[in-house]
Structures are given as structure tokens and as C-alpha cells.
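The values are calculated or read from the model by the stated rules, or taken from the named source; none is laboratory data. What you are looking at is a predicted structure, and each value in this text was computed from that prediction instead of being measured. We place every Cβ from the backbone using ideal geometry, glycine too, and count neighbours over all the protein chains shown. Only protein heavy atoms, including side chains, enter the accessible area calculation; ligands, DNA and RNA are left aside. Shrake-Rupley method; radii C 1.70, N 1.55, O 1.52, S 1.80 Å.
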Amino acid sequence: MFDSDSRYAQVEDAVLTTDRGLVVKYKRRRFLPDGAKMVLLQEVTVAAGDRLDLVAGRVLGEPEQFWRICDANNAMYPFDLINKTNTVLRIASAGRK
């Protein structure tokens, strides 16, 4: 259902059968990992006009990987990370410590 590099790729699947017999497949809830336990690739200082997709594209080579920056900075809401210039963002590799 999800690409192998999706934030949901490793989330367990679940099945719900309704009282009418309808089978509904879904992903279990994904919890944010502890960003401090992620392997640091580098740190980036937010500049005026930066967006997470632009930073992810520049550093990780793939704009859709912006969620990795969110995870590394313990951010549930992406806009929380780029609302101020000079904020230092952790950019994590795919591995863990």
C-alpha cells in the first residue's frame, strides 16, 4: 500500500470486521520516534523562504522525505519547524543509534 521509503511502510497493518461483516484494513497508529535516538546526518539552519520540502530535496535528495526532518526534530506539525529563520534543524539518516 505504501512505498518502502514511506513513513508508514513499517507500521503494522490491522483488520477490523464490522458487525455487518465488512472487512476494513488499515494501518495502526504511527507514533513519532525519539528524534534524539536517530542518527544525525547533519544540521541545517532555516533561512528565509525555506520550506521542509525544499530542505529535504536539498539535503536528502527527495522532497517527499520531509517527514524524516519532522521525526528527527520531534515535530508532529511540519510548519512548527520553519516558522522562524535561524532555527537549527536536525537531519537524520534512515538508521538509528
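Filter the stretch 50-92 down to the residues that are open to solvent by 60 Å² or more (accessible area, probe 1.4 Å), polar (S, T, N, Q) and closer than 19 Å to residue 8 by Cα and list them by number.
Passing the criteria: only 74.
Sort out which residues of the stretch 59-91 are assigned to a helix (DSSP H, G or I), modelled with pLDDT of 90 or more and touching a strand residue (DSSP E or B) at 6+ places or on another chain (Cβ under 8 Å), and write them in order of number.
Within the stretch 59-91, 59, 60, 68, 69, 71, 72 meet the criteria.
Under 8 Å between Cβ atoms, which residue pairs at least 6 apart in sequence (or on different chains) link something in the stretch 3-21 that is at positive phi with a partner that is small (Gly, Ala, Ser)?
Final answer for the pair search is none.
Tell me which residues, restricted to the stretch 34-49, are open to solvent by less than 70 Å² (accessible area, probe 1.4 Å), part of a strand (DSSP E or B) and out of contact with any helix residue (DSSP H, G or I) (no Cβ under 8 Å at 6 or more places or on another chain).
39
Against the definition (over 14 Å from the mean Cα position of the chain (by Cα) and of a type outside the set (Asp, Glu)), how does residue 35 come out, yes or no?
no
Mind checking whether some residue in the stretch 4-24 is basic (Lys, Arg) and open to solvent by less than 60 Å² (accessible area, probe 1.4 Å)?
Checking the stretch 4-24: not a single residue is basic (Lys, Arg) and open to solvent by less than 60 Å² (accessible area, probe 1.4 Å).
Give me a count of the residues in the stretch 34-63 that are under 21 Å from residue 2 (Cβ atoms), of a type outside the set (A, V, I, L, M, F, W, C) and without any contact (Cβ under 8 Å) to a residue 40 or more places away in the chain.
4
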